[in-house]
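Scroll down for the structure; my scribbles are underneath it.
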Amino acid sequence: MKSEFRTIAGIKTCFVKQGTGKNKIICLHGWGGSKESWEGLSSQLIKKDTTIIAVDLPGFGESEMPPTSGWNTSQYAKWLEELITKVNWKNPTLIGHSFGCRVIVRFLAKHTDFSGKIVLIGGAGIKWPPGIRQRITIKIKPFVLPFKKVVPKKIWNKVLKKVFGARDWANCPNEIKKTLEKTLKESCIRDILKNIKNETLLLWGKNDGYTPLKSAKVFQENLQNSKLYIFEDGRHGIHRTHTTQCANKITTFLKK
């Protein structure tokens, strides 16, 4: 696949285009991901009369970083709006994974005239009261933070991942940490979902450790026109681990 570049919302954006079919799809990856995460699924879907654009979100892969002041998901949604306009596809199907789903939801909340079909895989954005681990983390954080200046960065990152469960923060480049801060502080999207009428397919792993199955139920209950399919042995990245099954579900969904 050959990477292409376009300036979208002031950001040099990288994407790959595959297939020549009539079904038009745009894929948005999750936080820390890239367009490459869609390679397996794309190769399956282009056999089904489909054209796919898999894009690197600003700050990831080969795309430029957002401004150092950071973006929230509404700004990512404006970027998506311009992307769709420049691609010149009318109401394409939007497929998102995790963080990419949040961007799609923000876009749909603003563009109620958009009638393309939607596929959300392990969608992020539903907030829950902190669990035991999070509550403990909040209590001990003030006592641990002073050691950050004297602990080697590699060891500190391991502490973030293993002790605090802050994998995204530990792996996050400094240039995009303001964006991560802004997106983490955003409110829950559950109320926004109620206003979205697009036909939506929800694909979820039963053992998803990042966006739990109870979040899938919130999406299903609040989206007016949605159907949920659960992969009993799936985790967070089912579009990579259950590629053929996901492709079959999406193909059937698009045919309706």
Check: Quick one: would you say I230 is part of a loop (DSSP other than H, G, I, E, B), farther than 22 Å from K47 by Cβ, open to solvent by less than 70 Å² (accessible area, probe 1.4 Å) and in contact (Cβ under 8 Å) with a residue 12 or more places away in the chain?
Finding: no
Checklist line | Selected residue (criterion: farthest from V16 (Cα to Cα)) from residues of the stretch 53-87 that are open to solvent by less than 50 Å² (accessible area, probe 1.4 Å) and of a type in the set (G, A, S) | finding: G70
Notebook entry, point to check: within 19 Å of L203 (Cβ to Cβ), outside any helix (DSSP H, G or I) and in contact (Cβ under 8 Å) with a residue 12 or more places away in the chain, is that true of C27?
Noted result: yes
Check: Can you name every residue in the stretch 1-20 that is outside any strand (DSSP E or B) and surrounded by fewer than 16 Cβ atoms within 10 Å (Cβ to Cβ)?
Finding: M1, K2, S3, G10, T20
Next item on the list: Could you grab the pairs with beta carbons closer than 8 Å, sequence gap of 6+ or different chains, first residue in the stretch 48-62 and closer than 11 Å to I11 by Cα, second one of a type in the set (A, V, I, L, M, F, W, C) and assigned to a loop (DSSP other than H, G, I, E, B)?
Entry: P58/A9; P58/M65; P58/W71; G59/M65; G59/W71
Checklist line | Hits in the stretch 114-126 - residues which are in a loop (DSSP other than H, G, I, E, B) and either modelled with pLDDT under 95 or crowded, with 16+ Cβ neighbours inside 10 Å (or both) | finding: F114, G116, K117, G122, G123, A124, G125, I126
Next item on the list: Count, please, the residues in the stretch 103-113 that happen to be in contact (Cβ under 8 Å) with a residue 60 or more places away in the chain, open to solvent by 30 Å² or more (accessible area, probe 1.4 Å) and not in a loop (DSSP other than H, G, I, E, B).
Entry: 2
Checklist line | Residue that is surrounded by the fewest Cβ atoms within 10 Å (Cβ to Cβ) [pool: residues in the stretch 201-227 that are at pLDDT 95 or above and in a loop (DSSP other than H, G, I, E, B)] | finding: N225
Next item on the list: Within the stretch 233-251, track down each residue that is assigned to a helix (DSSP H, G or I), open to solvent by 30 Å² or more (accessible area, probe 1.4 Å) and touching a strand residue (DSSP E or B) at 6+ places or on another chain (Cβ under 6 Å).
Entry: K249
Notebook entry, point to check: S42 is checked against (1) of a type in the set (S, T, Y); (2) crowded, with 23+ Cβ neighbours inside 10 Å; (3) in a loop (DSSP other than H, G, I, E, B) and fails just one. What number does that condition carry?
Noted result: (3)
Next item on the list: Return yes when G32 is touching a residue at least 40 places away in the same chain (Cβ under 8 Å), assigned to a loop (DSSP other than H, G, I, E, B) and open to solvent by 50 Å² or more (accessible area, probe 1.4 Å) and no when it is not.
Entry: yes
Check: What are the residues in the stretch 88-97 that are crowded, with 17+ Cβ neighbours inside 10 Å and either in a loop (DSSP other than H, G, I, E, B) or over 16 Å from the mean Cα position of the chain (by Cα) (or both), if any?
Finding: P92
Margin query: Return the pair list, or none, for Cβ contacts closer than 6 Å from residues in the stretch 189-214 that are without any contact (Cβ under 8 Å) to a residue 60 or more places away in the chain and farther than 12 Å from G123 by Cα to residues that are of a type in the set (D, E) and surrounded by fewer than 22 Cβ atoms within 10 Å (Cβ to Cβ), at least 6 apart or on different chains.
Written below: K206/E232
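The values are calculated or read from the model by the stated rules, or taken from the named source; none is laboratory data. On a predicted model such as this, the values are computed, not experimentally measured, just so you know. FYI the Cβ positions are ideal-geometry reconstructions off the backbone, even for glycines, and counts take in every protein chain you see. Keep in mind that these areas ignore ligands, DNA and RNA; they rest on the heavy atoms of the full protein, side chains included. Shrake-Rupley method; radii C 1.70, N 1.55, O 1.52, S 1.80 Å.
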